[in-house]
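First comes the structure, then the notes that go with it.
Just so you know, all these numbers are worked out from the coordinates, no wet-lab data involved. Note that the coordinates shown come from a computational prediction; the quantities given were computed from them, not determined experimentally. Every residue, glycine among them, receives a Cβ derived from its backbone with ideal geometry; neighbour counts consider all protein chains shown.
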Amino acid sequence: MDTSLLLINALLYFFLPLWGIAGFVDWCCHRATKIEHTTGIKETLMHSVMGIQMGLPIVLCLIFDVNALILLICIITWVLHELVAHMDVAYASPIREISIWEMHAHTYLGSLPLYMLTSIIVINWDHFLKLITLDLNGEMTFTLLENPYGTSSYLPAYLTFMAIVCVFPYMEENLRCIYAYFKGRKA
């Protein structure tokens, strides 16, 4: 088995699910500390932005052939995710308790995207070299994958898993914070 296939399988069946689980643990910590009554809408919207910042490149890599354009999007969204993650913790830590469990979840949520990005770059090294040398001829397109990664059922299964452990919980958090905000304004 070649190294690229091993890395792809590690991404699909270990790193991606672990990132979702870490996101769920983080949500559980937010719920336990009742962020709707402390940091509220501002923090929960940062969580949603970070989810989108990582979700977009993940979906792009699972649907399209990775080329310089996809790598550029992955790199930019990773940098932006790191900036928002810093803003999130800088905003929240003076206002509410961040438990050891939440700090541990943040370790995974911050490091796994870098590991995934690095793996994607290694797997697609030729395209990365084209990106950094600005040899972009034919590299700036979205081309659907001919053969999906994993199995044909991987993408629907992964998206369902992420909806259950991340999308729905963070939507609930957003609604809880919005409700608390408007309830507090009426009081």
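When the convex hull of the C-alpha atoms of region 42-110 is computed, what volume per residue in Å³ does it have? Write out the running numbers ahead of the final one.
Numbers: hull volume 5.5 nm³, N = 69.
Cα convex hull per residue, to the nearest whole number: 80 Å³.
Relative to the Cα centre, what is the charge dipole magnitude of the chain, using +1 at the beta carbon of each Lys and Arg, -1 at the beta carbon of each Asp and Glu, and rounding to the nearest 20 debye?
Details: 9 positive and 15 negative charges, 185 e Å.
My answer is approximately 880 debye.
What is the distance, in nm, between label points placed 7 Å from the Cα along the Cα-to-Cβ direction at Tyr179 and at Trp101?
2.1 nm
Using a Gaussian network model of the chain with C-alpha springs under 10 Å, which one of Asp88, Asp126, Asp65 is most mobile by mean-square fluctuation?
Asp126
Tilt of helix 168-186 relative to the longest C-alpha principal axis of the chain, in degrees (0 to 90, nearest 10)?
30 degrees
Just to confirm the number: angle between the C-alpha axis of helix 68-92 and the first principal axis of the chain, 0 to 90 degrees, nearest 10?
That helix lies at roughly 20 degrees to the long axis.
Calculate for the chain the 222 nm mean residue ellipticity that helices alone would give, adding -39,500 (n - 2.57) per DSSP H run of length 4 or more and normalising by residue count, nearest 500 deg cm²/dmol. Walk me through the numbers on the way to the answer.
On the way: 8 runs with 134 residues, N = 187.
Using -39500 (n - 2.57) per qualifying helix, the result is -24000 deg cm²/dmol.
Evaluate E = 1/(1 + (r/R0)^6) for Glu172 and Leu145, where r is the Cβ-Cβ distance and R0 equals 41 Å; express this FRET efficiency to the nearest 0.05.
On the way: r = 32 Å, r/R0 = 0.79.
Once rounded, the FRET efficiency stands at 0.80.
Below 24 Å Cα-Cα, how many Lys pairs turn up in region 3-186? Only count pairs eight or more apart in sequence, or on different chains, if you could.
Here the count comes out as 5.
List the residues, sorted by chain then number, that are 5 or more residues from Phe64 or on another chain and whose placed amide H is less than 5 Å from its amide H.
Close amide H contacts, sequence-distant or interchain: Leu145.
Enumerate the calculated ³J(HN,Hα) couplings along region 10-18 in order (Karplus 6.51 cos²θ - 1.76 cosθ + 1.60, θ = phi - 60°), each rounded to whole Hz, writing x wherever the residue is Gly or Pro.
After applying 6.51 cos²θ - 1.76 cosθ + 1.60, I find 4, 4, 5, 9, 10, 5, 5, x, 4 Hz.
In vacuo Debye scattering of region 79-187, one point per C-alpha: log10 I(q)/I(0) at q = 0.12, 0.14, 0.22 Å⁻¹?
-0.74, -0.93, -1.38
Going toward the positive end of the dipole of the chain, with +1 on Lys and Arg Cβ and -1 on Asp and Glu Cβ, which of His106, Asn9, His127 do you reach last?
His106
In region 125-173, which GluC sites (Glu not before Pro) fall in coil by DSSP and have 14 or fewer other Cβ atoms within 10 Å? Mind dumping the intermediate values first?
Details: sites: Glu139, Glu146, Glu172, Glu173; in loops: Glu139, Glu146.
Filter output for region 125-173: Glu146.
Taking the Cβ of Tyr170 as the centre, find all other residues whose Cβ is under 11 Å away and add up their charges (Lys, Arg: +1; Asp, Glu: -1). Could the numbers behind the result be given before it?
Numbers: positive: Arg31, Arg176; negative: Asp26, Glu172, Glu173.
Computed value for this residue: -1.
Stokes-Einstein D for the chain at 4 °C, 1.567 mPa s, Kirkwood Rh over Cα pairs, in µm²/s?
Numbers: Rh = 17.7 Å.
So the translational diffusion coefficient is about 73 µm²/s.
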